[in-house]
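Here's the structure, in structure tokens; my notes come after.
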Amino acid sequence: MSPSRSRRYFMLLLLLCGFGGILFRLVTLQVLQAAELTARADRQHQKSVTFEGARGAVTDRHGKVLAMNMEVPSVFGVPTALESPAATARHLSPVLHVRRDELEKKLRQDKSFVWLARKVEPEQGQRLERLSLDGIGVVMEGRRFYPKGPLLAHVLGFAGMDGQGLEGLERRYESQLHGEKRVTILQRDALGRTVFPKGLSEKAPAPGHALTLTIDEVIQYVAEKELEEAVNHARAKGGTIIVMDPQTGAILGMAVSPRFDPNAVASLTPDRWRNRALTDTYEPGSTMKVMVAAAALEEKVMMPGTMLFGENGRMVVASTTIHDHEKMGWMTFAQMIQKSSNIGAAKTGMALGEQRLYRYLQSFGFGQRTDIDLPGEVSGLLKPPKDWGRRSLASISMGQEIGVTALQMVSAIAAIANNGVMMKPYVVSEIRDEKGMLVKEVMPQVKRRVVSPETARTLTTILEGVVTDGTGAKAAIPGFRVAGKTGTAQKIDPRTGTYSNTQFIGSFIGYVPAESPRLAVIVVIDEPQGEAWGGVVSAPVFRRVGEQVLNYLGVSRDDQIKIALATDRNVRE
Amino acid sequence: MKTMMILGALCLIFVFVWERVDVVRLGYQIERLKAQKILLERERDQLQVRFSGLTAPERIAKVATEKLGLIPPQQGQVFMVRQLPQAPASASPVAEQIRVARNIQKTRAGE
């Protein structure tokens, strides 16, 4: 072999080795390590970010915002990037209103990320940006705001730090309210700036659906204001007012005292934000006589003119004595209701019998949930007749040995107001998507007929007598016909297990205008001090709420004969 | 012919490079506009929250009573007035009725 030929072979071998090496490297990079290297490149050039659509707003029946989301700053620290945690904590403390030692402790942790304060006020975020501290960053997060403060707080509930509904409507409608979660890949340039999402067709995550309530913020305000005044005046433990449209079951207002601010729940106990209107049961006392009377009239066991003997205020039943608040002799059935005679009610119950009374009480919705669209509702307590004692028939007829919620009571009285037809109570009337398109419309729902229209009308006349001539005189609204019933119930003393002589619940249930009811209202005052009669503590609250709400709704008064006909001309003036 | 082909190829390359650069430029522009949109939406939400807080009935009642010395209408001071069918539909029937009622009261006061 000539030297030139062997040099050529040597060169060829060198080239083959070189190309072989390159080919080997190519196969290693492009085939064997392809997945790993692609992932590494993606990590450097792409950023994966989870976006969450804003939580849907909650508005009242006229579109007034009651709850909405707003983006606010959250402050985080990168402890590994800090030179002096103590100095940083000293700068941060007055801005974040967090103790310096607490911040320093967080910043000294061996972590690459710690939250220092989440969802702070926008001004705090701006001040931090001006400070531009190394190792401290700000990101925007959605925070739930309740711009009306404590208004309707027990119904709205509240959302947690991570935006999930924890109480009230926020919890009940969590699946509709929360926004869509979507992970998006962003391209980054050499400086780490975001260029644009991979795939420009990607849409932003959709916000949650918005709720429109049946609640009217003005009616709610009136109810809350009057309840607070009444509770303070009576030095009571608390109270409840529910205002309902008896023809539809729509809740117009639901006030619970004491109130709370859903913007600041961290320091409160669950006891404070519980919606007592549907989670707490109480013995209704004399207001229950309305339902007993309805059953007796429907079954024709009693007529308005049926005579009952009041036993001069004392009657022995099953070795116990039933008292009336005043000695009464002979009275009509209507007078029995108007004067709220316990003995008369017990006799009415006895005339009905256990099974019939139980059947009607069930029909009025006691012992079962109303199925309102709010969480935490209890069913109350209505024992079946087989568990009744010898006195139970009499006791239940005058509102003892039965546990009800304020919502059950207002639903029951609303059924009488609505000609004997019970409607399902509800608070959300519409659900709309982010474009305002209707997703769901809630229509009034009939539950059942409880009594006939004739019975409802007869009872209305009797209940009007309660306000004109009976115990509910202070509920009278000038110019309107009011039908209602007072109730005063002794609470059970938890220490002795017997009825307390100092702790009472004063209540009033009624509707107005009696001839064509627009409002059914319950007022419950828990443990008023001093005079605890429902006719004294609750009936005046009914009057004040009813008067203001009827004015607001523009309901004409009976005595308003001076109806001016507004012509086209004077309307324009 | 050859020159034309080279020029054509150069033009194609130029258009391709220009298109790529423009895509990146538009990408930055889109991001800037998105950031601006987010800021505007944030401002809108802040104003909405503020507006809702300022129009809360509790606050209005407080301002009306404490600052302006107003009191709720007393018994017999509110007149509901029925409108004729041909009257123009108003956005808020209740507000319109009360306005008309006030007009009547003014007229009476002047009598």
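Looking for whichever is assigned by TED's automatic domain parsing to the domain that holds A:Val243, free of Cβ contacts under 8 Å to residues at least 40 places away in the same chain and not hydroxyl-bearing (Ser, Thr, Tyr) here; the options are A:Gly497, A:Gly484, A:Gly510, A:Gly465. Which one fits?
A:Gly497
Residues are listed down the side, and each one gets a yes or a no for (1) closer than 30 Å to A:Val427 by Cα; (2) in contact (Cβ under 8 Å) with a residue 40 or more places away in the chain:
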residue: A:Ala345; (1), (2): no, yes
residue: A:Met350; (1), (2): no, yes
residue: A:Gly367; (1), (2): yes, no
residue: A:Gly376; (1), (2): yes, yes
(message) Being at pLDDT 95 or above and β-branched (Val, Ile, Thr) is the requirement here; does A:Thr458 meet it?
(response) yes
(message) With the structure loaded, tell me whether A:Val95 is away from chain B (no Cβ under 14 Å), within 34 Å of the chain's Cα centre (by Cα), buried (at least 18 other Cβ atoms within 10 Å of the Cβ) and modelled with pLDDT of 85 or more or whether it fails that test.
(response) no
(message) If A:Met140 meets every condition in (1) within 14 Å of chain B (Cβ to nearest Cβ); (2) touching a helix residue (DSSP H, G or I) at 6+ places or on another chain (Cβ under 8 Å); (3) not in a strand (DSSP E or B) apart from one, which number is that one?
(response) (3)
(message) Looking at A:Val378, A:Val301, can you tell me which residue is out of contact with any strand residue (DSSP E or B) (no Cβ under 6 Å at 6 or more places or on another chain), part of a loop (DSSP other than H, G, I, E, B), over 30 Å from A:Gln445 (Cβ atoms) and β-branched (Val, Ile, Thr)?
(response) A:Val301
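Within the bounds of region A:544-562, is there any residue that is within 20 Å of A:Ala223 (Cα to Cα), more than 14 Å from every other protein chain (Cβ to nearest Cβ) and modelled with pLDDT of 95 or more?
Among the residues of region A:544-562, not one is within 20 Å of A:Ala223 (Cα to Cα), more than 14 Å from every other protein chain (Cβ to nearest Cβ) and modelled with pLDDT of 95 or more, which makes the answer no.
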(message) Can you pull out every residue in region A:104-122 that is modelled with pLDDT of 85 or more, in a helix (DSSP H, G or I) and either closer than 27 Å to A:Gln164 by Cβ or touching a His at 6+ places or on another chain (Cβ under 8 Å) (or both)?
(response) A:Lys106
(request) Output yes when any residue across region B:85-103 is farther than 18 Å from A:Val545 by Cα, modelled with pLDDT of 70 or more, loosely packed, with under 11 Cβ neighbours inside 10 Å and not charged (D, E, K, R), and no when none is. (result) no
(request) Return the only residue of A:Gln176, A:Gln220 being in a helix (DSSP H, G or I), at the interface with chain B (Cβ under 9 Å from one of its Cβ atoms) and modelled with pLDDT of 90 or more. (result) A:Gln220
(request) Report yes if some residue within region A:503-512 is among the aromatic types (Phe, Trp, Tyr), at pLDDT below 95 and under 31 Å from the mean Cα position of the chain (by Cα); otherwise report no. (result) yes
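Matching residues to (1) over 15 Å from A:Pro284 (Cβ atoms); (2) out of contact with any Asp or Glu (no Cβ under 9 Å at 6 or more places or on another chain):
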{"position": "A:Gly380", "(1), (2)": "no, yes"}
{"position": "A:Gly389", "(1), (2)": "yes, no"}
{"position": "A:Ser395", "(1), (2)": "no, no"}
{"position": "A:Ile402", "(1), (2)": "no, no"}
{"position": "A:Thr405", "(1), (2)": "no, no"}
{"position": "A:Val421", "(1), (2)": "yes, yes"}
{"position": "A:Tyr426", "(1), (2)": "yes, no"}
{"position": "A:Glu434", "(1), (2)": "yes, yes"}
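Within region B:47-70, does at least one residue satisfy the condition of being more than 27 Å from A:Val222 (Cα to Cα), more than 8 Å from every other protein chain (Cβ to nearest Cβ), outside any loop (DSSP other than H, G, I, E, B) and without any contact (Cβ under 8 Å) to a residue 24 or more places away in the chain?
The answer is no; no qualifying residue exists.
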(request) Have a look at A:Ala35, A:Ala87 and point out the one that is free of Cβ contacts under 8 Å to residues at least 24 places away in the same chain, within 19 Å of A:Gly137 (Cβ to Cβ) and among the aliphatic types (A, V, I, L, M). (result) A:Ala87
(request) Could you check B:Gln74 against (1) more than 7 Å from chain A (Cβ to nearest Cβ); (2) modelled with pLDDT under 90; (3) more than 29 Å from A:Val65 (Cβ to Cβ); (4) in a helix (DSSP H, G or I) and say which number it fails? (result) (4)
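The values are calculated or read from the model by the stated rules, or taken from the named source; none is laboratory data. Computed from a predicted model, the values in this text were never measured in an experiment. Every residue, glycine as well, gets a Cβ built from its backbone with ideal geometry; the counts of neighbours run over all protein chains shown.
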